[in-house]
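Read the structure below first, then the notes.
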Amino acid sequence: MKVAMLGPIAWRTPPRHYGPWELVTSLLTEGLVVRGIDVTLFATLDSQTSAQLQGVSPHGYAEDPSMDGRVWEAMHVAHAFAQSAEFEIVHNQMDWLPLAFVEHCDAPMLTTIHGFSGAGILPAYANARSRYVAISDADRCPDLDYVATVHHGIDLDALPLRETAGDDLVVFGRIHPDKGTADAIDIARRCGRRLVICGIIQDAVYFADRVEPRVDGDRVVYRGSVGAQERAEVLGAAAVLLHPISFDEPFGLSVIEAMACGTPVVAYRRGSMPEVVDEGVTGFLVDDVAQAVRAVERAAGLSRRTVREKVAARFGVDRMVDDYVRVYERIAASSSST
(Lines give C-alpha, C1' and ligand atoms only; values in the text may rest on other atoms or scores of the structure.)
Protein backbone atom coordinates (compact mmCIF):
# COMPACT_ATOMS: atom_id res chain seq x y z
CA MET A 1 0.00 0.00 0.00
CA LYS A 2 1.24 3.48 -0.89
CA VAL A 3 0.05 6.18 1.47
CA ALA A 4 0.34 9.95 1.13
CA MET A 5 0.35 11.48 4.61
CA LEU A 6 -0.85 15.05 4.17
CA GLY A 7 0.51 16.67 7.29
CA PRO A 8 -0.09 20.12 8.76
CA ILE A 9 2.59 22.77 8.26
CA ALA A 10 2.10 25.21 11.13
CA TRP A 11 5.08 23.52 12.78
CA ARG A 12 7.78 21.05 11.84
CA THR A 13 6.94 17.32 11.92
CA PRO A 14 7.64 16.19 14.59
CA PRO A 15 7.39 19.50 16.44
CA ARG A 16 10.29 20.90 18.41
CA HIS A 17 7.98 21.82 21.30
CA TYR A 18 4.32 22.59 20.49
CA GLY A 19 2.34 21.03 17.65
CA PRO A 20 -0.07 18.24 18.64
CA TRP A 21 -1.31 17.55 15.09
CA GLU A 22 2.27 17.37 13.84
CA LEU A 23 3.19 15.04 16.70
CA VAL A 24 0.38 12.58 15.96
CA THR A 25 1.17 12.75 12.24
CA SER A 26 4.81 11.92 12.94
CA LEU A 27 4.03 9.02 15.27
CA LEU A 28 1.61 7.49 12.79
CA THR A 29 3.96 7.98 9.83
CA GLU A 30 6.92 6.36 11.58
CA GLY A 31 4.75 3.50 12.82
CA LEU A 32 3.48 2.80 9.32
CA VAL A 33 7.01 2.77 7.92
CA VAL A 34 8.02 0.20 10.54
CA ARG A 35 5.14 -1.97 9.28
CA GLY A 36 6.62 -1.86 5.79
CA ILE A 37 4.05 0.51 4.36
CA ASP A 38 5.30 2.88 1.65
CA VAL A 39 4.58 6.35 3.04
CA THR A 40 5.31 9.77 1.61
CA LEU A 41 4.99 12.50 4.20
CA PHE A 42 3.92 15.88 2.85
CA ALA A 43 5.11 18.32 5.51
CA THR A 44 7.54 21.19 6.03
CA LEU A 45 10.87 20.63 4.32
CA ASP A 46 12.75 20.70 7.63
CA SER A 47 10.67 17.79 8.95
CA GLN A 48 12.38 14.64 10.16
CA THR A 49 11.05 11.29 9.01
CA SER A 50 12.02 7.82 7.86
CA ALA A 51 9.34 8.07 5.18
CA GLN A 52 9.87 9.87 1.90
CA LEU A 53 9.51 13.62 2.49
CA GLN A 54 7.87 16.08 0.13
CA GLY A 55 6.72 19.64 0.57
CA VAL A 56 6.95 23.26 -0.44
CA SER A 57 7.10 25.11 2.88
CA PRO A 58 10.69 25.50 4.14
CA HIS A 59 9.54 25.47 7.77
CA GLY A 60 6.45 25.98 9.88
CA TYR A 61 4.57 29.17 9.19
CA ALA A 62 3.76 29.53 12.91
CA GLU A 63 7.50 29.93 13.48
CA ASP A 64 7.92 32.68 10.87
CA PRO A 65 5.85 35.90 11.03
CA SER A 66 6.75 36.70 7.41
CA MET A 67 4.80 33.67 6.15
CA ASP A 68 1.06 33.79 5.44
CA GLY A 69 -0.23 30.42 6.57
CA ARG A 70 -3.22 30.52 4.20
CA VAL A 71 -0.95 30.89 1.18
CA TRP A 72 1.49 28.18 2.20
CA GLU A 73 -1.26 25.73 3.15
CA ALA A 74 -2.93 26.20 -0.24
CA MET A 75 0.36 25.57 -2.07
CA HIS A 76 1.04 22.59 0.18
CA VAL A 77 -2.31 20.96 -0.66
CA ALA A 78 -1.89 21.67 -4.38
CA HIS A 79 1.56 20.07 -4.36
CA ALA A 80 0.26 16.90 -2.73
CA PHE A 81 -2.85 16.61 -4.92
CA ALA A 82 -0.77 17.00 -8.08
CA GLN A 83 0.88 13.67 -7.16
CA SER A 84 -2.14 11.96 -5.61
CA ALA A 85 -2.64 9.49 -8.47
CA GLU A 86 0.55 7.75 -7.33
CA PHE A 87 -1.05 6.67 -4.04
CA GLU A 88 -3.73 4.26 -2.89
CA ILE A 89 -4.87 6.58 -0.13
CA VAL A 90 -4.33 10.18 0.90
CA HIS A 91 -4.57 10.63 4.67
CA ASN A 92 -5.49 14.23 5.43
CA GLN A 93 -4.29 15.54 8.80
CA MET A 94 -4.89 19.20 7.86
CA ASP A 95 -8.54 19.84 8.79
CA TRP A 96 -10.98 21.36 6.28
CA LEU A 97 -8.82 23.01 3.59
CA PRO A 98 -7.99 19.87 1.55
CA LEU A 99 -11.69 18.96 1.59
CA ALA A 100 -12.50 22.12 -0.35
CA PHE A 101 -10.33 20.84 -3.21
CA VAL A 102 -10.88 17.09 -2.88
CA GLU A 103 -12.22 16.80 -6.44
CA HIS A 104 -8.64 17.42 -7.54
CA CYS A 105 -7.42 14.45 -5.49
CA ASP A 106 -6.98 11.32 -7.59
CA ALA A 107 -6.96 8.83 -4.71
CA PRO A 108 -9.42 7.99 -1.92
CA MET A 109 -9.09 10.42 0.98
CA LEU A 110 -9.27 9.78 4.69
CA THR A 111 -9.53 12.78 7.02
CA THR A 112 -8.69 12.66 10.71
CA ILE A 113 -10.73 15.39 12.37
CA HIS A 114 -8.44 16.75 15.08
CA GLY A 115 -11.34 18.39 16.86
CA PHE A 116 -14.57 19.50 15.24
CA SER A 117 -14.39 23.26 15.68
CA GLY A 118 -18.03 24.08 15.03
CA ALA A 119 -20.93 24.29 12.61
CA GLY A 120 -19.22 27.02 10.61
CA ILE A 121 -16.88 24.51 8.95
CA LEU A 122 -19.55 21.87 8.38
CA PRO A 123 -20.14 22.79 4.69
CA ALA A 124 -16.55 21.81 3.87
CA TYR A 125 -17.06 18.41 5.50
CA ALA A 126 -20.66 17.61 4.61
CA ASN A 127 -20.25 17.51 0.84
CA ALA A 128 -16.66 16.33 0.49
CA ARG A 129 -15.56 13.02 -1.01
CA SER A 130 -13.68 11.82 2.07
CA ARG A 131 -13.98 9.26 4.84
CA TYR A 132 -13.72 10.58 8.39
CA VAL A 133 -12.04 9.42 11.58
CA ALA A 134 -12.91 10.97 14.94
CA ILE A 135 -10.28 11.16 17.67
CA SER A 136 -12.91 10.53 20.36
CA ASP A 137 -16.54 9.52 20.43
CA ALA A 138 -17.30 12.75 22.27
CA ASP A 139 -16.05 14.78 19.31
CA ARG A 140 -18.26 13.12 16.70
CA CYS A 141 -20.55 15.52 14.87
CA PRO A 142 -24.03 14.01 14.37
CA ASP A 143 -24.19 15.47 10.87
CA LEU A 144 -21.21 13.42 9.62
CA ASP A 145 -20.64 9.74 8.96
CA TYR A 146 -17.44 8.28 10.40
CA VAL A 147 -15.55 5.19 9.39
CA ALA A 148 -14.02 4.86 12.89
CA THR A 149 -12.98 6.50 16.13
CA VAL A 150 -9.23 6.24 16.65
CA HIS A 151 -7.83 7.53 19.93
CA HIS A 152 -4.37 9.04 19.70
CA GLY A 153 -1.35 6.97 20.64
CA ILE A 154 1.95 8.03 22.16
CA ASP A 155 5.56 6.86 22.17
CA LEU A 156 5.74 5.14 25.55
CA ASP A 157 9.52 4.80 25.35
CA ALA A 158 9.85 8.59 25.26
CA LEU A 159 7.73 8.91 28.42
CA PRO A 160 9.18 6.48 30.97
CA LEU A 161 7.49 5.60 34.23
CA ARG A 162 8.64 7.61 37.24
CA GLU A 163 7.49 5.70 40.30
CA THR A 164 8.31 8.40 42.84
CA ALA A 165 7.43 12.03 42.30
CA GLY A 166 7.50 15.29 44.19
CA ASP A 167 4.62 17.31 45.60
CA ASP A 168 4.26 19.74 42.68
CA LEU A 169 1.23 19.97 40.43
CA VAL A 170 1.59 20.64 36.72
CA VAL A 171 -0.67 22.13 34.06
CA PHE A 172 0.48 21.38 30.54
CA GLY A 173 -0.95 22.95 27.38
CA ARG A 174 -1.56 26.18 25.54
CA ILE A 175 -2.30 29.11 27.84
CA HIS A 176 -5.84 30.00 26.92
CA PRO A 177 -9.18 30.26 28.78
CA ASP A 178 -10.16 26.92 27.20
CA LYS A 179 -7.37 25.20 29.10
CA GLY A 180 -8.19 26.75 32.48
CA THR A 181 -4.70 27.86 33.46
CA ALA A 182 -6.10 30.36 35.97
CA ASP A 183 -8.26 27.65 37.54
CA ALA A 184 -5.17 25.48 37.89
CA ILE A 185 -3.46 28.26 39.84
CA ASP A 186 -6.49 28.47 42.16
CA ILE A 187 -6.53 24.70 42.67
CA ALA A 188 -2.81 24.55 43.48
CA ARG A 189 -3.04 27.48 45.92
CA ARG A 190 -5.94 25.90 47.79
CA CYS A 191 -4.07 22.58 47.91
CA GLY A 192 -0.97 24.30 49.29
CA ARG A 193 1.12 22.91 46.46
CA ARG A 194 3.52 24.44 43.98
CA LEU A 195 2.28 24.68 40.37
CA VAL A 196 4.43 24.32 37.26
CA ILE A 197 2.88 25.79 34.09
CA CYS A 198 4.04 24.67 30.65
CA GLY A 199 2.71 25.78 27.27
CA ILE A 200 2.67 28.36 24.54
CA ILE A 201 0.87 31.64 25.21
CA GLN A 202 -2.05 31.44 22.81
CA ASP A 203 -4.14 34.20 24.41
CA ALA A 204 -1.84 37.07 25.37
CA VAL A 205 -4.59 39.08 27.10
CA TYR A 206 -5.63 36.12 29.25
CA PHE A 207 -2.00 35.47 30.15
CA ALA A 208 -1.37 39.11 31.06
CA ASP A 209 -4.57 39.48 33.09
CA ARG A 210 -5.14 36.10 34.73
CA VAL A 211 -1.86 34.21 34.77
CA GLU A 212 1.27 36.35 34.65
CA PRO A 213 0.47 38.47 37.77
CA ARG A 214 0.34 35.26 39.81
CA VAL A 215 3.58 33.77 38.47
CA ASP A 216 6.12 34.41 41.23
CA GLY A 217 8.84 31.93 40.29
CA ASP A 218 8.34 30.15 43.60
CA ARG A 219 4.83 28.81 44.22
CA VAL A 220 3.76 29.37 40.62
CA VAL A 221 6.40 28.75 37.95
CA TYR A 222 6.04 29.28 34.20
CA ARG A 223 8.48 27.23 32.12
CA GLY A 224 7.24 28.19 28.66
CA SER A 225 6.67 25.66 25.90
CA VAL A 226 8.84 22.63 26.62
CA GLY A 227 10.22 20.15 24.11
CA ALA A 228 10.10 16.38 23.97
CA GLN A 229 12.96 15.70 26.40
CA GLU A 230 11.76 18.21 28.99
CA ARG A 231 8.18 16.96 28.65
CA ALA A 232 8.97 13.59 30.24
CA GLU A 233 10.96 15.27 33.01
CA VAL A 234 8.27 17.81 33.90
CA LEU A 235 5.32 15.44 33.67
CA GLY A 236 7.08 12.63 35.48
CA ALA A 237 8.20 14.84 38.37
CA ALA A 238 4.67 16.02 39.18
CA ALA A 239 2.38 14.49 41.76
CA VAL A 240 -0.72 15.24 39.65
CA LEU A 241 -1.53 16.81 36.29
CA LEU A 242 -4.32 19.37 36.47
CA HIS A 243 -6.57 19.63 33.41
CA PRO A 244 -9.33 22.12 34.31
CA ILE A 245 -10.63 22.66 30.78
CA SER A 246 -13.57 24.95 30.01
CA PHE A 247 -14.39 23.48 26.59
CA ASP A 248 -15.28 20.08 25.22
CA GLU A 249 -11.76 18.96 24.45
CA PRO A 250 -11.56 16.50 21.54
CA PHE A 251 -8.81 14.42 23.12
CA GLY A 252 -5.99 15.87 25.28
CA LEU A 253 -2.54 14.49 24.48
CA SER A 254 -0.97 15.91 27.63
CA VAL A 255 -3.35 13.82 29.73
CA ILE A 256 -2.13 10.49 28.36
CA GLU A 257 1.47 11.73 28.23
CA ALA A 258 1.31 12.47 31.96
CA MET A 259 -0.28 9.10 32.68
CA ALA A 260 2.45 7.36 30.69
CA CYS A 261 4.93 8.77 33.21
CA GLY A 262 2.75 7.41 36.02
CA THR A 263 1.33 10.83 36.88
CA PRO A 264 -2.40 10.71 37.64
CA VAL A 265 -4.79 13.36 36.37
CA VAL A 266 -7.50 15.56 37.83
CA ALA A 267 -9.59 16.84 34.92
CA TYR A 268 -12.85 18.66 34.46
CA ARG A 269 -15.59 16.39 33.18
CA ARG A 270 -15.77 17.85 29.66
CA GLY A 271 -15.51 16.48 26.14
CA SER A 272 -13.38 13.35 25.79
CA MET A 273 -12.16 13.25 29.38
CA PRO A 274 -14.54 10.42 30.42
CA GLU A 275 -13.09 8.36 27.53
CA VAL A 276 -9.48 9.11 28.45
CA VAL A 277 -9.41 9.09 32.26
CA ASP A 278 -10.28 5.85 34.05
CA GLU A 279 -12.04 7.12 37.15
CA GLY A 280 -10.28 6.12 40.35
CA VAL A 281 -7.54 4.29 38.44
CA THR A 282 -5.65 6.89 36.39
CA GLY A 283 -7.25 9.96 37.93
CA PHE A 284 -10.49 11.68 38.78
CA LEU A 285 -13.10 13.71 36.90
CA VAL A 286 -14.51 16.81 38.60
CA ASP A 287 -16.76 19.74 37.81
CA ASP A 288 -15.20 22.74 39.52
CA VAL A 289 -12.27 24.09 41.53
CA ALA A 290 -13.61 22.89 44.89
CA GLN A 291 -14.04 19.32 43.67
CA ALA A 292 -10.61 19.42 42.07
CA VAL A 293 -9.00 20.45 45.35
CA ARG A 294 -10.57 17.48 47.11
CA ALA A 295 -9.57 15.12 44.29
CA VAL A 296 -5.88 16.09 44.20
CA GLU A 297 -4.98 14.26 47.41
CA ARG A 298 -6.84 11.12 46.30
CA ALA A 299 -5.17 11.24 42.89
CA ALA A 300 -1.72 11.65 44.41
CA GLY A 301 -2.32 8.43 46.32
CA LEU A 302 -3.01 6.32 43.24
CA SER A 303 -0.48 3.69 42.15
CA ARG A 304 1.74 5.31 39.57
CA ARG A 305 2.69 1.90 38.15
CA THR A 306 -0.98 1.08 37.62
CA VAL A 307 -1.52 4.44 35.94
CA ARG A 308 1.33 3.64 33.55
CA GLU A 309 0.09 0.12 32.84
CA LYS A 310 -3.41 1.32 32.06
CA VAL A 311 -2.29 3.99 29.60
CA ALA A 312 0.20 1.59 27.99
CA ALA A 313 -2.62 -0.86 27.31
CA ARG A 314 -4.95 1.76 25.88
CA PHE A 315 -2.86 4.48 24.26
CA GLY A 316 0.38 3.07 22.91
CA VAL A 317 1.37 4.13 19.41
CA ASP A 318 1.22 0.54 18.13
CA ARG A 319 -2.50 0.38 18.92
CA MET A 320 -3.07 3.63 17.01
CA VAL A 321 -1.15 2.32 14.00
CA ASP A 322 -3.13 -0.96 14.10
CA ASP A 323 -6.39 0.98 14.11
CA TYR A 324 -5.41 3.11 11.12
CA VAL A 325 -4.12 0.14 9.12
CA ARG A 326 -7.53 -1.49 9.54
CA VAL A 327 -9.20 1.70 8.33
CA TYR A 328 -6.87 1.87 5.32
CA GLU A 329 -7.66 -1.74 4.43
CA ARG A 330 -11.40 -1.07 4.60
CA ILE A 331 -11.07 1.95 2.33
CA ALA A 332 -8.84 0.07 -0.12
CA ALA A 333 -11.27 -2.85 -0.25
CA SER A 334 -14.20 -0.51 -0.77
CA SER A 335 -12.38 1.36 -3.55
CA SER A 336 -11.40 -1.83 -5.39
CA SER A 337 -15.00 -3.07 -5.41
CA THR A 338 -16.39 0.08 -7.08
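How many residues are crowded, with 21+ Cβ neighbours inside 10 Å and at positive phi if we restrict to segment 187-211?
Total satisfying the criteria: 1.
Give me the pairs: first residue in segment 23-40 and basic (Lys, Arg), second residue surrounded by 20 or more Cβ atoms within 10 Å (Cβ to Cβ), beta-carbon distance under 7 Å, and six or more apart or on different chains, which are they?
Matching pairs, first to second residue: Arg35/Val321.
Looking at Val71, Val39, which one is modelled with pLDDT of 95 or more, assigned by TED's automatic domain parsing to the domain that holds Asn92, surrounded by 16 or more Cβ atoms within 10 Å (Cβ to Cβ) and among the hydrophobic types (A, V, I, L, M, F, W, C)?
Unique residue meeting the criteria: Val39.
With (1) surrounded by fewer than 21 Cβ atoms within 10 Å (Cβ to Cβ); (2) outside the structural domain of Arg219 (by TED's automatic domain parsing) as the list, and Thr164 as the residue in question, which single condition is left unmet?
With respect to (1) surrounded by fewer than 21 Cβ atoms within 10 Å (Cβ to Cβ); (2) outside the structural domain of Arg219 (by TED's automatic domain parsing), Thr164 is out only on (2).
In this structure, is Asp287 in contact (Cβ under 8 Å) with a residue 12 or more places away in the chain and assigned by TED's automatic domain parsing to the domain that holds Thr29?
It is false that Asp287 is in contact (Cβ under 8 Å) with a residue 12 or more places away in the chain and assigned by TED's automatic domain parsing to the domain that holds Thr29.
Output yes when any residue across segment 114-126 is in contact with a strand residue (DSSP E or B) (Cβ under 6 Å, 6 or more places away or on another chain) and not charged (D, E, K, R), and no when none is.
No, segment 114-126 contains no residue that is in contact with a strand residue (DSSP E or B) (Cβ under 6 Å, 6 or more places away or on another chain) and not charged (D, E, K, R).
Can you tell me which of (1) modelled with pLDDT under 95; (2) outside any loop (DSSP other than H, G, I, E, B); (3) not assigned by TED's automatic domain parsing to the domain that holds Val321 is the one Arg189 doesn't meet?
(1)
Report every pair of residues separated by at least 6 positions or lying on different chains whose Cβ atoms are under 6 Å apart, first residue within segment 54-77 and over 18 Å from Pro98 (Cβ atoms), second at pLDDT below 95 and surrounded by 17 or more Cβ atoms within 10 Å (Cβ to Cβ).
Cβ pairs passing all conditions: none.
Can you tell me how many residues in segment 1-28 are surrounded by fewer than 23 Cβ atoms within 10 Å (Cβ to Cβ) and part of a helix (DSSP H, G or I)?
4
Please state which one of Ser66, Ser57 is buried (at least 24 other Cβ atoms within 10 Å of the Cβ) and more than 20 Å from Ala228 (Cβ to Cβ).
On inspection, the qualifying residue turns out to be Ser57.
The values are calculated or read from the model by the stated rules, or taken from the named source; none is laboratory data. Model, not experiment: these values are computed from the prediction. Here the Cβ is made from the backbone with ideal geometry for all residues, glycine too, and neighbour counts use every protein chain on show.
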